[in-house]
1. Somewhere in segment 63-82, is a residue surrounded by fewer than 15 Cβ atoms within 10 Å (Cβ to Cβ), farther than 30 Å from residue 117 by Cα and at pLDDT below 95?
2. Name the residues in segment 97-111 that are over 18 Å from the mean Cα position of the chain (by Cα) and either buried (at least 16 other Cβ atoms within 10 Å of the Cβ) or at pLDDT 95 or above (or both), would you?
3. Name the residue, out of 91, 99, 109, that is closer than 16 Å to residue 14 by Cα and among the polar types (S, T, N, Q).
4. In the set 30, 22, 42, which member is under 13 Å from the mean Cα position of the chain (by Cα), of a type outside the set (Phe, Trp, Tyr) and either at pLDDT 85 or above or exposed (fewer than 11 other Cβ atoms within 10 Å of the Cβ) (or both)?
5. Does residue 91 satisfy the condition of being touching a Ser or Thr at 6+ places or on another chain (Cβ under 6 Å) and outside any strand (DSSP E or B)?
6. Do the conditions hold for residue 93, that is, is it loosely packed, with under 14 Cβ neighbours inside 10 Å and at pLDDT 90 or above?
Amino acid sequence: MQNFPNELLSEIRVQLEEEKKLLEARIDELVKQDPFSDPDRLTDNAASDRDADEESAHDRFTAIIEELRMKRKKIDDALLRVSTGDYGFCTKCGNMIDTDRLSILPTATLCKTCEEKKKRT
């Protein structure tokens with residue numbers, strides 16, 4: 001098995017860690033903005049149309065937060081692969097993933113060939 005270039009690995013680790021911090025900050029911000037996070041909401045006797053608006057906003061916040069958490073999970077998985085020495089290798093065929101692909105999508109787990117095969121099936 002080839003070794004992944006250390007200088008690229010260091011750059012990617014920094015990039016992943018920075019992106020993770022940004023995601024965590026965004027998640028925290030959205031959780032605070034979620035209308036359902038307001039404890040006073042439970043005792044508020046608002047009109048039913050306001051409740052419907054809050055419910056809709058809550059659903060949007062929940063969907064966005066879930067998507068950001070999935071991105072964070074992919075980053076955590078990539079950082080784990082960096083620390084174990086598995087980063088940059090296709091989880092399907094074991095070949096090295098093209099560094100251009102990883103610079104665009106640093107959480108990629110499949111090489112271009114295996115990704116295309118996956119899309120076709």
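The values are calculated or read from the model by the stated rules, or taken from the named source; none is laboratory data. The shown structure was predicted, so the numbers you read here are calculated from the model rather than taken from an experiment. Because the Cβ atoms are built from the backbone with ideal geometry, glycine has one as well, and the counts that use them run over all protein chains shown.
1. No, because not a single residue in segment 63-82 is surrounded by fewer than 15 Cβ atoms within 10 Å (Cβ to Cβ), farther than 30 Å from residue 117 by Cα and at pLDDT below 95.
2. Kept after step one, since they are over 18 Å from the mean Cα position of the chain (by Cα), are these residues of segment 97-111: 97-100, 111.
Answer for segment 97-111, where residues must be over 18 Å from the mean Cα position of the chain (by Cα) and either buried (at least 16 other Cβ atoms within 10 Å of the Cβ) or at pLDDT 95 or above (or both): 97, 111.
3. Values: 91 fails: closer than 16 Å to residue 14 by Cα; 109 fails: closer than 16 Å to residue 14 by Cα.
Matching residue, one of 91, 99, 109: 99.
4. On the way: 30 fails: under 13 Å from the mean Cα position of the chain (by Cα); 42 fails: under 13 Å from the mean Cα position of the chain (by Cα).
22 is the lone residue from the list that is under 13 Å from the mean Cα position of the chain (by Cα), of a type outside the set (Phe, Trp, Tyr) and either at pLDDT 85 or above or exposed (fewer than 11 other Cβ atoms within 10 Å of the Cβ) (or both).
5. Details: touching a Ser or Thr at 6+ places or on another chain (Cβ under 6 Å): yes; outside any strand (DSSP E or B): yes.
It is true that residue 91 is touching a Ser or Thr at 6+ places or on another chain (Cβ under 6 Å) and outside any strand (DSSP E or B).
6. On the way: loosely packed, with under 14 Cβ neighbours inside 10 Å: yes; at pLDDT 90 or above: yes.
Criteria met by residue 93.
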